[in-house]
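**Student:** Before I ask anything, let me first share the structure, which is written out below as structure tokens.
No value in this document is a laboratory result; all are computed from the given coordinates. On a predicted model such as this, the values are computed, not experimentally measured, just so you know. Note that we place each Cβ from the backbone using ideal geometry, even for glycine, and neighbour counts take in every protein chain shown.
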Amino acid sequence: MTVANLQIRDVPNEMHDELRRRAKLEHLSLREYVLRLISRDQQRPALAEWLERVHQLEPVDLGAPASELIAASRADRDVELLPERRTS
């Protein structure tokens with residue numbers, strides 16, 4: 001396997017310090033930690049790719065506006081969590 005070098009210039013000191021701190025917490029070198037971050041990022045689709053997939057999905061009919069369904073669900077939750085809101 002061939003490898004390439006990547007150099008990042010002008011990293012703010014605070015950001016560099018935080019990356020080093022987090023790498024140390026995970027018992028990794030800065031290089032290993034940053035490679036892990038890059039690897040995680042590459043496992044997710046790019047935003048444009050994700051949006052394209054979403055646009056290709058068929059719409060879902062919820063039977064009512066989503067805002068009404070959310071409000072009803074929250075009201076039900078509040079009745080369960082807040083006894084003073086219960087009606088007898």
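**Student:** Using only helices, what value at 222 nm comes out for the chain when you add -39,500 (n - 2.57) per DSSP H run of length 4 or more and divide by the total residues, to the nearest 500 deg cm²/dmol?
**Tutor:** Here the helix-only value at 222 nm equals -19000 deg cm²/dmol.
**Student:** How large is the convex hull of the C-alpha atoms of the chain per residue, in Å³?
**Tutor:** So the per-residue hull volume is 258 Å³.
**Student:** Magnitude of the Cβ-charge dipole of the chain, K/R +1 and D/E -1, about the Cα centre, nearest 20 debye?
**Tutor:** Magnitude of the dipole: close to 520 debye.
**Student:** With +1 assigned to the C-beta of every Lys and Arg and -1 to the C-beta of every Asp and Glu, and no other charges, what is the dipole magnitude of region 8-56 about the Cα centre in debye, to the nearest 20?
**Tutor:** 200
**Student:** Further, regarding this structure: Could you check the spin-label model distance between ASN13 and ASP61? Points 7 Å from the Cα along Cα→Cβ, value in nm.
**Tutor:** Those two pseudo-labels are separated by 6.3 nm.
**Student:** Another question about this same structure. Order 49-62, 29-42, 66-79 from most to least packed using the mean count of other Cβ atoms within 10 Å.
**Tutor:** 29-42, 66-79, 49-62
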